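As structure tokens, the structure follows; a few thoughts come after it.
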Amino acid sequence: MSASEITETRQYLTFKLGKEIFATDVAKVREVLDFTTITEIPRTPDFMSGVINLRGSVVPVVDMRLCLEMSKTERTTNTCIVVLEVLLDHESIVIGALADSVEEVIDLEPDQIRPAPRIGTQIRTDFLKGMGKRDDQFIMILDIDRVFSADELSAVRNPEASKLAVEVAA
């Protein structure tokens, strides 16, 4: 879904990565957790921080900053895990995403959202639904289903990695 396809007021969870504010549709957010112990899994991609035990379920946790080619998330008192439901190949996958801090839930009208800028072919903006504007601040609205490529999420869905994760988290 692009900015032009947003025709009604929607709610977005805003969060910080570095100095920038990002947002995702609240319908994709299951919950927000305080930072907790993350069990690292060997031989996984750099963006994969590990797994957490969420009420008996093993949930992979990714570093959103690394997914967006930013620097690695440094843990602070505000660091949290946003638990998201991501759609991949018509299958729903629950993942945790590290964020520097969660800001608030906001309403954005369609006229407050502009298409993501096109800056040549070298810069990828396909993971953005658009740019929201609130007061004098821009908010990058993520298309959370596109943030992760099929190749990247295959590491999260890999049955061997899941089996190992269950054994490690138990």
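The values are calculated or read from the model by the stated rules, or taken from the named source; none is laboratory data. No experiment lies behind these values; they were computed from the predicted model shown. Neighbour counts are summed over all protein chains in view; Cβ atoms, including those assigned to glycine, are modelled from backbone coordinates with ideal geometry.
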task = Restrict the check to segment 8-17 and report whether at least one residue is surrounded by fewer than 18 Cβ atoms within 10 Å (Cβ to Cβ), within 16 Å of the chain's Cα centre (by Cα) and either of a type in the set (D, E, K, R) or not in a strand (DSSP E or B) (or both).
result = yes
key: Filter result (over 17 Å from residue 102 (Cα atoms) and within 14 Å of the chain's Cα centre (by Cα)) within segment 53-67   = 59, 60, 66, 67
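Go through the residues of segment 109-116 one by one and say whether even a single one is modelled with pLDDT under 90, part of a strand (DSSP E or B) and either touching a Cys at 6+ places or on another chain (Cβ under 8 Å) or surrounded by 14 or more Cβ atoms within 10 Å (Cβ to Cβ) (or both). It would help to see each step written out before you state the result.
So in segment 109-116, the residues modelled with pLDDT under 90 come out as 109-116.
Then drop every residue that is not part of a strand (DSSP E or B), which leaves 113-114.
With either touching a Cys at 6+ places or on another chain (Cβ under 8 Å) or surrounded by 14 or more Cβ atoms within 10 Å (Cβ to Cβ) (or both) added as a condition, the list becomes 113-114.
Yes.
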When residues of segment 127-160 are limited to those that are of a type in the set (D, E, K, R) and part of a loop (DSSP other than H, G, I, E, B), the one modelled with the lowest pLDDT = 135
task = Return a yes/no flag: does segment 80-102 have any residue that is part of a strand (DSSP E or B), in contact with a strand residue (DSSP E or B) (Cβ under 9 Å, 6 or more places away or on another chain) and among the hydroxyl-bearing types (Ser, Thr, Tyr).
result = yes
query = Of all residues in segment 32-72, which are in contact (Cβ under 8 Å) with a residue 40 or more places away in the chain and polar (S, T, N, Q)?
reply = 36, 39, 44, 49, 53, 71
query = Looking at (1) surrounded by 15 or more Cβ atoms within 10 Å (Cβ to Cβ); (2) touching a residue at least 24 places away in the same chain (Cβ under 8 Å), can you tell me which one residue 104 breaks?
reply = (1)
request  = Collect the residues in segment 32-79 that are among the charged types (D, E, K, R), over 22 Å from residue 140 (Cβ atoms) and part of a strand (DSSP E or B), keeping them in residue-number order.
outcome  = 34
